[in-house]
1. What about residue 95, is it touching a helix residue (DSSP H, G or I) at 6+ places or on another chain (Cβ under 7 Å) and either more than 26 Å from residue 148 (Cβ to Cβ) or aliphatic (A, V, I, L, M) (or both)?
2. So how many residues does the stretch 55-70 have that are within 11 Å of the ligand (Cβ to nearest atom) and assigned to a loop (DSSP other than H, G, I, E, B)?
3. For the stretch 252-275, name all the residues that are buried (at least 19 other Cβ atoms within 10 Å of the Cβ) and part of a helix (DSSP H, G or I).
4. Can you find a residue that is among the charged types (D, E, K, R) and modelled with pLDDT under 95 anywhere in the stretch 126-146?
5. Report, by residue number, each residue of the stretch 156-207 that is over 24 Å from residue 144 (Cβ atoms) and polar (S, T, N, Q).
6. On the basis of being surrounded by fewer than 18 Cβ atoms within 10 Å (Cβ to Cβ) and within 11 Å of the ligand (Cβ to nearest atom), does residue 139 make the cut?
7. Taking residue 129 as the residue in question, decide whether it is of a type in the set (Gly, Ala, Ser), under 21 Å from residue 254 (Cα atoms) and touching a residue at least 12 places away in the same chain (Cβ under 8 Å).
8. Mind checking which pairs have a first residue in the stretch 71-83 that is part of a helix (DSSP H, G or I) and a second that is of a type in the set (D, E, K, R) and within 9 Å of the ligand (Cβ to nearest atom), Cβ under 6 Å, 6 or more apart or different chains?
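The values are calculated or read from the model by the stated rules, or taken from the named source; none is laboratory data. Keep in mind that this is a model prediction, so the values were computed, not measured. Positions of Cβ are backbone-derived with ideal geometry, glycine not excepted, and every protein chain shown enters the neighbour counts.
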Amino acid sequence: MKLLITGGRGMLGRTLQKEFRDHRLIIADLPECDITDAAGFDHFLAAAAPDAVIHCAAMTAVDRCETEEELAWRLNMAGSANVASSCFRHGVRLLAISTDYVFRGDLDRPYHEFDEPGALTVYGRTKYAGEEMIRRHCPNHLIARISWLYGAGGPSFVHAMMKLADGTRPELKVVADQVGNPTSAAAVARHLRLLLERPELVGTFHLTCEGEASWHEFAREIFRLAGINQRLIPCATADFPRPAPRPANSRLEKRMLRLQNLPPMPDWHHALAEFMAEEF
Ligand SMILES: NC(=O)c1ccc[n+]([C@@H]2O[C@H](COP(=O)([O-])OP(=O)(O)OC[C@H]3O[C@@H](n4cnc5c(N)ncnc54)[C@H](OP(=O)(O)O)[C@@H]3O)[C@@H](O)[C@H]2O)c1
């Protein structure tokens, strides 16, 4: 297959390059390809003539989206609309990456694919608007929502924790009242391969690792696997005020994987152990 990856030099994009090295890959990232330039992207896609597009490009700095709202809309909504309309025009299947931030995070159970969105942040609202553009303008699409992602080279929570545990801090405060599914980019990449191998599939899929944790539990497991004896103090979200409020509940139920008889995502402990052994 010939695959075009938007944002192909970002954290997930680099992992996809590794996972799909048996395919022909075209990387569509800045500066040579800008998804916010509708005509430019259309020319790039037409010349590349891929079998499928994996759309990773986005403005992912969640706090910066609050202060640079116009740019967030331009990239996450309008950029996705451009990618969707080009894919439709050229008959290319589109697999787009989205996020748990489309939800409010106040349910007392994991969110499934058909729960009402209700983003708390500019990032979440613009990503959801991007999803809607894809649904409307490119029927032959898959949308994969992921969360709490870490991958080779970072940046990620795992990389941040490993940097902080440099022996200079007697204790680290880590948020214990947000819960989610820590998810490895490698696990996402393997499941995207399964989805791509099923050309008849369409729709929105949650693709986070199985099992749940708070950031505090996630940090504890990182240090256990790394053999680092770092004292951790659980704290509250309110102790770390940030410009963009984080959802308290980021857990995603993988209902569509089940309904389409696809294998479950790996447990987060196993995926993290595999990653730590390779990365650190
Ligand atoms: N990381 C997470 O925890 C997480 C969680 C949930 C969902 N996601 C989603 O997963 C996807 C991949 O995330 P990631 O962590 O790999 O993000 P990332 O590392 O920030 O990668 C995004 C890539 O897109 C590029 N890009 C930015 N503007 C562009 C434009 N106008 N045209 C073409 N490329 C452009 C970026 O280039 P520059 O670096 O030069 O800007 C970067 O290489 C995103 O859709 C994100 O919303 C991520």
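1. The answer is yes for residue 95.
2. 6
3. Of everything in the stretch 252-275, those that are buried (at least 19 other Cβ atoms within 10 Å of the Cβ) and part of a helix (DSSP H, G or I) turn out to be 256, 257, 268, 271, 272, 275.
4. No, every residue in the stretch 126-146 fails to be among the charged types (D, E, K, R) and modelled with pLDDT under 95.
5. 168
6. no
7. Considered against the rule, which asks whether it is of a type in the set (Gly, Ala, Ser), under 21 Å from residue 254 (Cα atoms) and touching a residue at least 12 places away in the same chain (Cβ under 8 Å), residue 129 comes out as no.
8. So the pair list comes out as 76/127.
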